[in-house]
Amino acid sequence: MTSIHATGGPVRTAAVPGEWFRVHRREDEPRLRLVCFPHAGGTTHLFHGWPAHLPPDIELLAVRYPGRHDRLVEPCMTDMAALATAVADALRAYDDRPLALFGHSMGASAAYEVALRLQARGTAVERLFVSAHASPHRARRRLLSHCDDATLIAEVRRLGEYGSEAYDIPELRELLLPALRADFRMLENYRPSRPTAVRVPITAYAGESDPGVCVEDVHSWAVLAPPGGFAWRTFPGDHFYLASEEASVVADVVGLLSPHPVRLEHRSSP
């Protein structure tokens, strides 16, 4: 399927049932692939607007978690290690080009775990971007997976209104809640006692008014980055600042992934 974006260039979008990625490409031979991991209960829709802001030589792979959208009939996963291993294995088909990983909220932990697996097998990773989530050794774990539906929905709305209107529609709520509950269980089960540092630069992002992530949470990723390989910044907005600040976020990502990395906007200070 081919679609036209505001930039004027065609973007071919391919998603095959049973596979792990929705692929957006504008060149047959991209310079780099950006792999994007959604939040708990989230889907690839979080990143559907990103290709319009990316240069043609960066291909976007949005991770398609089981148990939602066109993988709805597949069982949800509740083990972070199993999820990361599956994604890392699926990326073998795409590692002929350097990879960069971007994870939002729960997706930050998934991206970090995939980065560890990729570096263990020698796959080139340019940068790890972590968004709206504390590092594994600092993350606070709330036991939500066994709560009633109303409590789960209230937690989503506490963080921000992005996508929450879907829970007002009974038919959609029945489809969405099992994945949200499974993802919360995955976060509860994810307790690495001694997180391992990665050998690639880490950039951490957050919304300035995120009720679930504080400045110290964002900065805690620094201890898992190589010396001199950590940067961070905040954007206006709540936990789902990516929706309102999409163009600015992608511009910053692109600046850091260019052949001569540059920050396009001012970085916030601790």
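The values are calculated or read from the model by the stated rules, or taken from the named source; none is laboratory data. Small disclaimer: the values here were computed from a predicted structure and weren't measured. Virtual Cβ from ideal backbone geometry, glycine too; neighbours counted across all protein chains shown. Ligands, DNA and RNA are excluded from the accessible area calculation, which covers all protein heavy atoms including side chains. Shrake-Rupley method; radii C 1.70, N 1.55, O 1.52, S 1.80 Å.
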- [ ] Note down the relative contact order for the chain as a percent, whole number, built from C-alpha pairs under 8 angstrom at least six residues apart.
- [x] 17 percent
- [ ] Work out the charge dipole of the range 76-142 with +1 on the Cβ of Lys and Arg and -1 on the Cβ of Asp and Glu about the Cα centre, then indicate which of A139, A110, V125 is farthest towards its positive end.
- [x] A139
Open item on the list: Let me test this: with uniform point scatterers at the alpha carbons of the range 144-263, what is the Debye-based log₁₀ I(q)/I(0) at q = 0.16 1/Å?
Closed with: -0.97
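For the pair D28 and E216, what calculated FRET efficiency results from E = 1/(1 + (r/R0)^6), where r is the Cβ-Cβ distance and R0 = 51 Å, to the nearest 0.05? Write out the running numbers ahead of the final one.
Numbers: r = 44 Å, r/R0 = 0.86.
For E216 and D28, the calculated efficiency is 0.70.
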Task: the chain - charge dipole about Cα centre, Lys and Arg +1 at Cβ, Asp and Glu -1, debye rounded to 20 - done: 800 debye
TODO: Tabulate in residue order the Karplus-calculated ³J(HN,Hα) for the range 117-129, using 6.51 cos²θ - 1.76 cosθ + 1.60 with θ = phi - 60°, rounded to whole Hz; enter x for Gly and Pro.
DONE: 5, 5, 5, 5, 9, x, 6, 6, 10, 7, 6, 10, 9
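How large, in Å, is the chain by the Kirkwood hydrodynamic radius built from its alpha-carbon pairs? Kindly include the intermediate steps, with their values, before the conclusion.
Numbers: mean 1/r = 0.0535 Å⁻¹.
Taking every pair of different Cα atoms in the chain, averaging 1/r and inverting gives 18.7 Å.
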TODO: Would you please give the residues with an amide H less than 5 Å from that of S135, counting only those at least 5 places away or on a separate chain, with H modeled from the backbone geometry?
DONE: S220, W221
Task: Cut-off under 5 Å, modelled amide H: who pairs with F129 long-range - done: L101, F102, G103, T203
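Can you pull the percent of the range 10-168's accessible area that's carbon plus sulfur, 1.4 Å probe, other chains left in place? Present the calculation step by step, with values, prior to reporting the outcome.
Details: 3220 of 6090 Å².
Exposed carbon and sulfur together represent 53 percent of the surface.
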Open item on the list: With an 8 Å Cα cut-off and a minimum separation of 6 or more residues, compute the relative contact order for the range 57-199 in percent.
Closed with: 28 percent
Task: Residue among Y190, Y65, Y112 with the largest mean-square fluctuation in a Gaussian network model of the chain, springs linking Cα atoms under 10 Å - done: Y190
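Within 10 Å, at most 15 other Cβ atoms, and a DSSP state outside H, G, I, E, B define an exposed site. Report the longest part of the chain free of exposed GluC sites (Glu not before Pro). Numbers along the way, then the final one.
Numbers: sites that count: E19, E27, E161, E208, E265.
Here the longest run is 28-160.
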Open item on the list: Just to be sure I follow the definition: excluding the sites themselves, where is the longest run in the chain that has none of the trypsin sites (Lys or Arg not before Pro) in a DSSP loop with at most 16 other Cβ atoms within 10 Å?
Closed with: 32-120
- [ ] May I ask you to evaluate 6.51 cos²θ - 1.76 cosθ + 1.60, the Karplus curve with θ = phi - 60°, for each residue of the range 83-93 and list the ³J(HN,Hα) values in order in whole Hz, giving x for glycine and proline?
- [x] 4, 5, 5, 4, 5, 4, 5, 5, 6, 4, 6
